[in-house]
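Below is one structure, written out as structure tokens, with a few remarks after it.
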Amino acid sequence: MKKFCLLLIVCMLLTACNNAAPAETAESALTTEASVASQPTVPAVNGPCTSHVDADNNSYCDVCEKYILINIDFYTVNDLHGKIADDDANTHPGVDELSTFFKNARKSDINVILLSAGDMWQGTSESNLTQGLLATDWMNNMGFAAMTLGNHEFDWGEEPIEENFNLAQFPFLAINIYDRETKKQVSYCQNSHVVDLGTVQIGIIGAMGDCYSSISADKVEDVYFITGDDLTQLVMDESEKLRNKGVDYIVYVLHDGYDQDKSGSNVTAITGNKIQSYYDTKLSDGYVDLVFEGHSHKGYVLKDEYGVHHLQGKGDNQAISHVEIVLNAATLESTVNVAELIPTGQYAKLDDHPIVEELLEKYKDEISKSDEVLGVTSKYRDSYAMRNKTAELYYKAGKQLWGNEYNIVLGGGFMSARSPYDLQIGEVTYGMLYSIFPFDNNLVLCSIKGRDLQKRFLDNDDGRYFIYYDQNLRSTLDPNGTYYIVTDTYSSLYGPNNLTEIQRYDEPVYARDLLAEYIRNGGYNN
Ligand SMILES: [Zn+2]
Ligand SMILES: [Zn+2]
């Protein structure tokens, strides 16, 4: 549908361009071939006007007579984390109202460009149980122009990315994701995408941030991310290539971002080293005109020392980024009219768009598991209590399976929790646990030296390590001894932990599954 509309607009504009020059056509019929060749700067009067001229400054092209002040609205969603449906606990809205917002935006403005800065799929049962397909389907329906891949797009490995790639009617962007074997960019990504608005061409360049280590190592063993100065060079080269091809304005969509919230929609000036930790400001010196960011789940509108705006909209469907520019197609000067975050509250008042219900119905077989009522929690449980409980369940499950053979002394490891983070008193569904523990990290038995056990687990002050251990472990610990622990693959594959994997659960069993079983057995109803 979108492609058709764009085609229509392009055709209309080209027709307008051709119709606008009948007098010149008559005149040029008199010129000889040789004289035309000697004046290569005169735009072709019968073809599209590729570089508009407005010498008389009346905002119309002197050649094709098109209006050359082009308004463009960019809306960017970052870190949606699968929040497609309204959640049971009512802590986050789904995208049913946002869908209405996007459809309305398209009705009132032909130049709407929808973008994503990554981490769209992973995070809720409806999205995870379809491994992102439901979210991609929604993006198709909204007419997204492009999506930069985020680290969490790799949470199930590369195969689901390829399946989503096959479904997506828009390109996946990441200039810096390379295949280890071929040393070439992965097949499901491209460097950039050009949105043809007829009078102007908008280039979108995408890049993954420096977040390789935040992905469970076994899910990304076949790829690597180019970062730092090499990434800067890739983006510069791509920008030059696009500009040489006639692209008029370049948007950089980066799955990385500033690490602080900046209140409201005020534009905050930002300089040098604060931004340099994730973005090379050299790019703002003529290579990119606007930057959308993600990954850090912060909300801000920043303006760097070159006057380039940087926006990120919090994530988890809390806000989206919006920039409206006016681009002069003749001079290529651009003005930012609006650079703002649109918080959920602003679009949540709109009517629900039926698309979300339709998609939930379409994928109902895959996602039915999320409706299972596991049991009841008689108390409010925060994510810390749940993660402590999960560490205990790691320990107990491991003892049950391997306890006869190995003296297991500890269970647990690095554990992240996600929105809505906690359980309210009442019924608990599998879907709720799925949102809080969306990660597919399998249980694994490992050996570890005493000194590493002390440093990496018992004394770890990271705040995200949750452990459960034998009461006498601390007092009897021998730094040179070998110990057995039960953790998950995220923690076991993290190099500094110095863990040696002995065996994994045959069947994938994840944190949420252990907790689900515990709740089924009435564990939280006390
Ligand atoms: Zn994220
Ligand atoms: Zn991320």
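Here are some notes:
- Entry for the range 202-272 at q = 0.15 Å⁻¹: log10 I(q)/I(0) = -0.73, Debye formula applied to identical alpha-carbon scatterers, no solvent contribution.
- In this structure THR182 has an accessible area near 80 Å², from a 1.4 Å probe over the protein heavy atoms.
- Convex hull per residue volume in Å³, alpha carbons only, for the range 116-173: 68
- Projected area, mean over directions - the chain, Cα convex hull, nm²: 28.6
- In Hz, Karplus ³J(HN,Hα) per residue of the range 149-164 (6.51, -1.76, 1.60; θ = phi - 60°; x = Gly, Pro): 6, x, 4, 6, 5, 9, 5, 10, x, 7, 4, x, 5, 5, 5, 5
- Under 16 Å of direct C-alpha separation, and excluding same-chain neighbours fewer than eight residues apart, LYS349 reaches these aspartates and glutamates: ASP86, ASP96, GLU97.
- When Rg and the Kirkwood radius Rh are both evaluated on Cα atoms of the range 347-397, their ratio Rg/Rh stands at 1.18.
- Within straight-line cross-link reach of LYS364, lysines at Cα separation under 19 Å, skipping those fewer than 8 residues along the same chain: LYS83
- Among GLY411, SER370, VAL338 the positive-end extreme of the charge dipole of the range 302-425 (Cβ point charges): GLY411
- Using alpha-carbon coordinates, inclination of helix 133-142 to the longest axis of the chain, degrees: 20
- When the listed pairs LYS107/LYS184; LYS103/LYS303; LYS262/LYS282 are checked against a 31 Å cut-off, the alpha-carbon distance exceeds it for LYS107/LYS184.
- Point-charge dipole on Cβ atoms (K/R +1, D/E -1) for the chain, about Cα centre, debye to 20: 1040
- Rounded to the nearest 10 degrees, the angle from helix 2-19 to the longest Cα principal axis of the chain is 10 degrees.
- Solvent-free Debye scattering, log10 I(q)/I(0), computed from the Cα coordinates of the range 77-133 at q = 0.22 Å⁻¹: -0.91
- Check: the range 211-358 dipole with +1 on Lys, Arg Cβ and -1 on Asp, Glu Cβ, in debye: 440
- Summarising the amide proton neighbourhood of ASP62: residues at separation of 5 or more, or on other chains, whose placed amide H is nearer than 5 Å comprise VAL53, ASP54, ALA55.
- Each residue of the range 415-427 is assigned a 3J(HN,Hα), and the resulting list reads 9, 9, 10, 10, 3, x, 6, 9, 10, 8, 4, x, 5 Hz, derived from the Karplus form 6.51 cos²θ - 1.76 cosθ + 1.60 (θ = phi - 60°), x at Gly and Pro.
- Antiparallel %, DSSP beta bridges [both residues in the chain], to 5: 65
- Expected 222 nm ellipticity per residue - DSSP helices of 4 or more, -39500 (n - 2.57), all of the chain, to 500: -8000 deg cm²/dmol
- Virtual spin-label span in nm between ASN460 and ARG504, 7 Å along Cα→Cβ: 1.8
- Relative to the longest principal axis of the Cα atoms of the chain, the long axis of helix 228-244 makes an angle of roughly 30 degrees.
- Chymotrypsin sites (Phe, Trp or Tyr not before Pro) restricted to DSSP loop in the range 247-285 with at most 12 other C-beta within 10 Å: none
- Between TYR490, PHE154, LEU231, the Cα set farthest toward the positive side of the dipole of the chain (charges on each charged residue's Cβ, about the Cα centre) is that of TYR490.
- Once all protein chains are placed together, ASP506 keeps about 140 Å² accessible to a 1.4 angstrom probe.
- A cut-off of 5 Å between modelled amide H atoms, ignoring neighbours fewer than 5 places along the same chain, links HIS295 with ASP79.
- Of all lysines in the structure, those lying under 26 Å Cα to Cα from LYS396, and not within fewer than 8 positions of it along the same chain, are LYS369, LYS379, LYS449, LYS455.
- Rg over Rh [alpha-carbon atoms, Kirkwood Rh] for the range 433-488: 1.03
- The range 277-356: GluC sites (Glu not before Pro) falling in loop per DSSP and having at most 14 other Cβ within 10 Å: GLU305, GLU333
- Taking all protein chains as shown and a probe of 1.4 angstrom, ARG474 keeps an accessible surface of around 110 Å².
- DSSP-assigned coil residues among chymotrypsin sites (Phe, Trp or Tyr not before Pro) in the range 334-397, each with at most 12 further Cβ atoms within 10 Å: TYR380
- Solvent-accessible area, 1.4 Å probe, carbon plus sulfur percent, for the chain: 48
- With all protein chains kept in place, the per residue accessible area of the chain amounts to 44 square angstrom at a probe of 1.4 angstrom.
- Global form of the range 226-344, assessed from the alpha-carbon gyration tensor, a/c cut-off 1.5: oblate
The values are calculated or read from the model by the stated rules, or taken from the named source; none is laboratory data. For clarity, every value in this text was computed on a predicted model and none was experimentally measured. Quick reminder, even Gly has a Cβ in these numbers, built from the backbone with ideal geometry, and neighbours come from all protein chains shown. Heavy atoms of the whole protein, side chains included, go into the accessibility calculation; ligands, DNA and RNA do not. Shrake-Rupley method; radii C 1.70, N 1.55, O 1.52, S 1.80 Å.
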